[in-house]
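Notes to accompany the following structure.
The values are calculated or read from the model by the stated rules, or taken from the named source; none is laboratory data. Not measured: the values here are computed from a predicted model. A quick note on method: Cβ atoms are made from the backbone with ideal geometry, for glycine too, and the neighbour counts reach across all protein chains shown.
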Amino acid sequence: MRYIFGLNNSLIFETIAVNELRQSHVTPTSHLVIRQQVTDNDIGLSFQVQFDLTGLPVSGNFVDRDAEMMQMELSLLFSTSRHGRKIHVLHDLDGIGKTQLIIAHARKHQERYSAILWLNGNSKDTLLQSLAGFATYAGIDHISKSTVKITGHGEETAESADAVLQWLTFKGNRRWLVIFDNVDRDYHAEVEDSQAYDIESFFPAADHGSILITTRLPHLGEFGAATQVTRVDRDQALQILTNSSRLPQ
């Protein structure tokens, strides 16, 4: 990817998007050059929130997984449509590296997003607590009690969570990324789980922004573009071992 400064110091991102992607590699059979110009109005500087890695499980052993990274970039950053909400789902079993992939995406492209919200999707309680935590970090004021839609939890947490979801719908605040990590409880399962939740009910009610989901539930892929994350290949496994040997003991 190249970074080009255009007129009035506006930034143009130019990338070659590969149209045909496969699980283990990218097949360069058809290329499309996409230019996306980003101005101050696009970024929404009044909604700018610095990305905070505190509490995230950043691994020193991570190795690049080009195919999966490219698929996320194509659907979230380099879509031919600059408008409309974009959703990408990473799914497969635990321990495959889904969380590390989205950490890598967030760190690499943090300047492209006005705000990155990292939400612990393990349960409804952790999700609401994550939203409330972002409200505090970003200084988002509570909304009127009469407009709160999230119920059944602590009033303060529910108000904060709902305030964040509404903040994401504001005009001009459209270049955010919301990450739902570890959404593994099946809301539609036959066995009732009080901590399962309908993830769609936590999507901001606006046709803009980007959403990333990691899950063991493949049916969540129906919400947008989906990538099945596979185990690392031999070369990647060797690189992980090499990285591990270099870490301080």
Of the residues Ser210, Ser144, Ser194, Ser160, which single one is among the polar types (S, T, N, Q) and modelled with pLDDT of 95 or more? Ser210
Set Lys86, Lys98: member being modelled with pLDDT of 60 or more, closer than 16 Å to Arg174 by Cβ and not hydrophobic (A, V, I, L, M, F, W, C): Lys86
Pairing a residue in region 50-78 that is more than 13 Å from Ile102 (Cβ to Cβ) with any residue that is modelled with pLDDT under 90 and in a loop (DSSP other than H, G, I, E, B), where Cβ atoms lie under 6 Å and the two sit 6 or more apart in sequence or on different chains, gives Gly60/Leu247; Ala67/His25
